[in-house]
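Here's the structure, in structure tokens; my notes come after.
Taken together, the values in this text are just the output of simple stated rules run on the coordinates, not laboratory data. In this text, all values refer to a predicted model and were calculated from it rather than measured experimentally. Please note: Cβ atoms are built from the backbone with ideal geometry, for glycine as well, and neighbour counts cover all protein chains shown.
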Protein chains: 2
Amino acid sequence: MGTNGSLEVIPLGGLGEIGMNLMVYGYDEKLLVVDCGLTFPGSDTPGVDVIIPDATFLNENRDRVVGFVLTHGHEDHLGAMPYIWPNVEGPIYGSAMTLGILKNKFREHGLLEKATMIEVGNRQPFQVGPFNVCFIQVSHSIVDSAALAIKIPLGTIIHTGDFKIDHTPVDNRPTDLYSLARYGENGVLALLSDSTNINRQGSTTSESVVAGALAKVFARAQELIIVATFASNIQRIQQIIDAAQRENRKVIISGRSMQNNIEVAKSLGFLRIPDGVLLDMRSFPHLPRKEIAVISSGSQGEPNSSLSRIAAGDHREIKIQPGDMVVLSSRFIPGNEQTIWSLVNRMFRAGAEVIHESNLPQIHVSGHAPQEDLKLMLALTRPKFFIPIHGEIRHLQSHRHLASHMGVALENSVVAENGTRVIITADSITLGDPVPSGRVFVDGKGVGDVGDIVLRDRKHLSEDGLVVVVLVVDKISGAILQRPELLTRGVIYEEDHRDLLEQVKEAVEEALHLGPKGMDFTEDEEVGPKDLAQRAVRRFFKKKLGRRPAVIPLVMEM
Amino acid sequence: MGTNGSLEVIPLGGLGEIGMNLMVYGYDEKLLVVDCGLTFPGSDTPGVDVIIPDATFLNENRDRVVGFVLTHGHEDHLGAMPYIWPNVEGPIYGSAMTLGILKNKFREHGLLEKATMIEVGNRQPFQVGPFNVCFIQVSHSIVDSAALAIKIPLGTIIHTGDFKIDHTPVDNRPTDLYSLARYGENGVLALLSDSTNINRQGSTTSESVVAGALAKVFARAQELIIVATFASNIQRIQQIIDAAQRENRKVIISGRSMQNNIEVAKSLGFLRIPDGVLLDMRSFPHLPRKEIAVISSGSQGEPNSSLSRIAAGDHREIKIQPGDMVVLSSRFIPGNEQTIWSLVNRMFRAGAEVIHESNLPQIHVSGHAPQEDLKLMLALTRPKFFIPIHGEIRHLQSHRHLASHMGVALENSVVAENGTRVIITADSITLGDPVPSGRVFVDGKGVGDVGDIVLRDRKHLSEDGLVVVVLVVDKISGAILQRPELLTRGVIYEEDHRDLLEQVKEAVEEALHLGPKGMDFTEDEEVGPKDLAQRAVRRFFKKKLGRRPAVIPLVMEM
């Protein structure tokens, strides 16, 4: 891989889907891993805890891996580290905030002692095997994010990570336009750029516009204010604290992930909180409600999150009262809308006013560059080759199109998907042989043991339920020794349908008695009592209820 | 109900949730039903086919029902008729298009002969029991929609149904502003108005702006064009046909529901299609692709719909080829986004360009009035009392707020939810005793037999799967006669985990052998082999895999 002076770009995650970003660069027989994220399950992956990329390729080539570089601290860029890194190992490079978040994770997984983490500053090149890497400051919805310049003898690669071009960021750390322009001026071999917001027109809306929206809401609030946002959005948390202070409210943090991130950010100087502003949850009952602002995690309606418990009336301290104000300073992540709206309705019912992106758009801004800023990135770096990253195929295609408008000829760009090997030489970009790739499901303690078949079973169970029919037969004669037993789940409410179950049993008995005749078996099928019982149950439910539960016959031989 | 000259307004559906609209008006001991809709299942109702309102109140008062009035032909306004009407009966009033759609439904359910349907024209009052009803033309995303003026001695009620105020509708049938204003001038006792788009600012975007977007897309297309839209949106279908004609393309309709609606609309004169423009699907292979426009149903990515089959490569005639253009002239209904995007990605992968609301906003417009038009409705009708309808509680609350800005004092409006009885007299609006209400699930042939317990089981099964453990015991001695049998679904892939299943069996045998000691049973619990086996299996999966499948023990006594 990456021999004869060519570079290989091997996406294992994040291309062709949103989330679980994992990119591998191969040069001179060595591999550099950039980001190692996870994604969260959707309606097609019920019961799964998290989803990580298939890292078979890394596991099989662990001797060649020279290190991991993390662009920022979001779950979709580092969340898979505890699962993937232990099988690969190698030094881990990242910014202070990124490593702070990773350390918490590694501590939870008992990995902290084993890992070598190297904190990296912007504009300070470092060598990892044959790769000379330099962090370039970018603005994003988490502080201390970076794009990467990766230099090899063949040329310089710019890997943007997640970014936007915010000229007035709250942390005063705008995207480093000079560095990007300097690389562009000196020659960029390839740009790999964030495609998340390719479908949005215009330029980045600055994080600082949220201040205005928050100020308006805080000025109007009469009673308790609860603001929910993403636990990692430190700039947003800073702005909420600032707004609270201006209205002389104390701030209480609710939610463990948010507590953790705030600790890390404070210790690194990313949060400026005067003494006495942050109070412990235990102070809640002792202060007038109108002097409190609660900052809560759970803006996606996650079950058991702080905000869900508040909405359900299950929170130990915080109950919604008429006149309270609830603010969702966050995006509704697609797939979560119904859950979030039902939470919003519960708050309305309890008498709160609820502010969200739909009724006050500037209460949240995105962390990703829209079209005009994606053009700016292309204009600054002027790459010879282009690979759109971070997105479904529709995003990647559109981004490739945009790059062609910006002068990157179509033959100089490719849309790759996870597992596609891209080979770059001084004057060509082509697709090579694929590598193993895919989604690995983490469920409880199991990593990868829940696969597509189990998920298909779960989906079938969830839609149609299941019927188990147990037969006890004589081992020798094959005679039925007992009435069949029946058990259903998710089909009908058994308590109310004893008679129906009795009818099913009778149908099974009749089928066992009559044998395969008239049951649509083909002539050469070998038909046992198991098959007869299954067929009889299926037929009964289809005819009687129009349903197709999974029917599992179980034969006990005595 | 509705005695002493008071009016009762009893919502059985559509208030506190989106869809399945069903309103009952009670006056002088008689009941008038307005609309009778269904809603579609979401992630919390897996396997359910459709959801209808609980009509217990109507069933119990069927002698008092004087009739059903339908405002328009959408599923969420008439889709529950085949399930609810047969138990209640009474004449059915509606516009030509509405009754045309209902007739198709009633025919499918074998109800057509039993029903009396009375076609109603706009501005032509008719008497139903004590209610004098008059249809008022409104524009909406289906032709022949109406608002209702319901006159009783107490005063006039305006019930908007779904509406928008489109000054340039494609069918030249704008909302009848004069009638609304005249009722307002003469005095409106109460307005019940559509809250769906209360969170959108501004005025209605006319259906006719879609023509411009379609024209642009059609002019640019080089090969096959496929346009997906809602099967009932006749105006949209007209515009797609017009665009196709201008570019000399023939039109082929794909999808049964769309075929049916087009038939009804054509026969009623709502569609103007010159001869020779519409072709049968069988013509598809015989024409050059660039001379065809396909209009397809399935814009929500419904499984087995025409568009899904095309995207999956399963359509008998139509396969996507590079250079084709696919247009989603439709909204992404919340909850369906992931399904639709995955369909879009499949089309992109096959080489098509896909146009949708996110990359070309004017390719679809909403059928519901946004804020400025809701104000206009209030300004025209100037009601004394106000009840927001059609929406979740957050919509209803916001609409009530808007009405108060428009001069309806807060004490003259109420937010009601399904089952809340609202009592209106000449000078008061109050809440009365509730009536039974709720959601009834239709699954296969069963109406109402799938309830919350079955759905909870289905959800549990889908997340954690299920383990059945079968014990065979001696009826007299209680001795275990056989090794326990084990069966799992949705937990692990059994083929790969024979050893694990063996371990579970051993754990069960050990538990049966040791008895209740050390198993966390309380002292006074009666513990049988069933309990021991269940507990042992649960403990095993939790400890070994961190999972909590449903564990069902089944004891066969011999």
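So if the hydrodynamic radius of chain B is defined as the Kirkwood radius over C-alpha pairs, what does Stokes-Einstein give as its diffusion coefficient at 20 °C and 1.002 mPa s, in µm² per second?
80 µm²/s
Of A:Met325, A:Met519, B:Met81, how do they rank once you tally other Cβ atoms within 10 Å and put the fewest first?
Least to most surrounded, the residues fall as A:Met519, A:Met325, B:Met81.
How big is Rg to Rh over segment A:452-498, alpha-carbon atoms, Rh as the Kirkwood inverse-mean-distance radius?
1.15
Taking every pair of alpha-carbon atoms in segment B:109-265, what share in percent sits in each 10 Å bin, from 0 to the bin with the longest distance?
Taking all Cα pairs of segment B:109-265, the binned fractions are 9, 30, 30, 21, 9, 2, 0 percent.
So what is Rg over Rh here for segment A:207-262, counting just Cα atoms and using Kirkwood for Rh? Numbers along the way, then the final one.
On the way: Rg = 11.0 Å, Rh = 11.7 Å.
Here the Rg-to-Rh quotient is 0.94.
What value, in deg cm²/dmol to 500, does the helix sum -39500 (n - 2.57) over DSSP H runs of n ≥ 4 give at 222 nm once divided by the residues of chain A? Write down the numbers at each step before the final one.
Values: 15 runs with 164 residues, N = 558.
Taking each H run of at least 4 residues, the total per residue is -9000 deg cm²/dmol.
Semi-axes, largest first, in whole Å: what does sqrt of 5 times each Cα gyration tensor eigenvalue give for segment A:422-484?
51, 16, 12
Give me the compactness ratio for segment B:208-361, meaning the Cα radius of gyration over 2.2 N^0.38 Å.
Cα-based Rg divided by the globular estimate yields 0.95.
Given N residues in segment A:440-558, what is Rg(Cα) / (2.2 N^0.38 Å)?
For segment A:440-558, the normalised Cα radius of gyration comes out at 1.21.
Can I get the semi-axes of segment B:45-142's equivalent ellipsoid? Compute them from the C-alpha gyration tensor as square roots of 5 times the eigenvalues, in angstrom, largest first. List each step's numbers first, then the result.
Details: eigenvalues 96, 64, 35 Å².
Whole-Å semi-axes of the equivalent ellipsoid: 22, 18, 13.
Take every Cα pair under 8 Å in chain A that's 6+ residues apart, average their separations, divide by the length, and report that relative contact order as a whole percent.
The normalised contact order for chain A reaches 15 percent.
Going by Cα centres, segment B:298-347 and segment A:395-415 are how many Å apart?
Computed from Cα coordinates, the inter-centre distance equals 24 Å.
Specify the angular offset, from 0 to 90 degrees and rounded to the nearest 10, of the alpha carbon long axis of helix A:529-545 from the longest principal axis of the alpha carbons in chain A.
70 degrees
Mind checking which of B:Pro516, B:Pro529, B:Ala550 is farthest towards the positive end of segment B:499-558's charge dipole, using Cβ charges of +1 (Lys, Arg) and -1 (Asp, Glu) about the Cα centre?
Value computed over the given set: B:Ala550.
Other chains' Cβ within 10 Å of A:487-497 residues: what's the mean?
Per residue, the average neighbour count from other chains is 6.
Is there a quick way to get the dipole size of segment A:465-557? I mean about its Cα centre, with the Cβ of Lys and Arg at +1 and of Asp and Glu at -1; what is the value in debye to the nearest 20?
Charge dipole, segment A:465-557, about its Cα centre: 380 debye, nearest 20.
On a C-alpha basis, how far is the centre of segment A:46-99 from the centre of segment B:116-160 in Å? Whole number, if you could?
64 Å
Starting at the first residue of segment B:506-513, write each ³J(HN,Hα) from the Karplus equation 6.51 cos²θ - 1.76 cosθ + 1.60 with θ = phi - 60°, in whole Hz, x for Gly and Pro.
Each residue's phi maps through the Karplus curve to give 4, 4, 5, 4, 5, 4, 5, 6 Hz.
Cut-off is 10 Å between beta-carbons; in what order do B:Asp457, A:Asp194 appear when sorted fewest neighbours first?
Neighbour counts put them in this order, fewest first: B:Asp457, A:Asp194.
So how strong a dipole does the protein assembly as shown carry about its Cα centre when Lys and Arg Cβ are +1 and Asp and Glu Cβ are -1, to the nearest 20 debye?
2080 debye
Cut-off 19 Å, label point 7 angstrom out along Cα-to-Cβ of A:Gln482: give me the residues of segment B:476-496 whose amide nitrogen falls inside.
Residues B:476-488 fall inside that zone.
Helix B:337-349 versus the longest principal axis of chain B: what angle, 0 to 90°, nearest 10, using Cα atoms?
The answer is roughly 90 degrees.
Can you compute the charge dipole magnitude of segment B:173-304 about its Cα centre, using +1 on each Lys and Arg Cβ and -1 on each Asp and Glu Cβ, nothing else charged? Give it in debye, rounded to the nearest 20.
For segment B:173-304, the charge dipole is close to 340 debye.
If you look at just the Cα atoms of the protein assembly as shown, how large are its Rg and its Dmax in Å?
Cα only, the protein assembly as shown: 32.0, 95 Å (Rg, Dmax).
At q = 0.19, 0.26 Å⁻¹, what is the log10 ratio I(q)/I(0) for segment B:115-203, with the Debye formula run over Cα points and no solvent?
-0.93, -1.42
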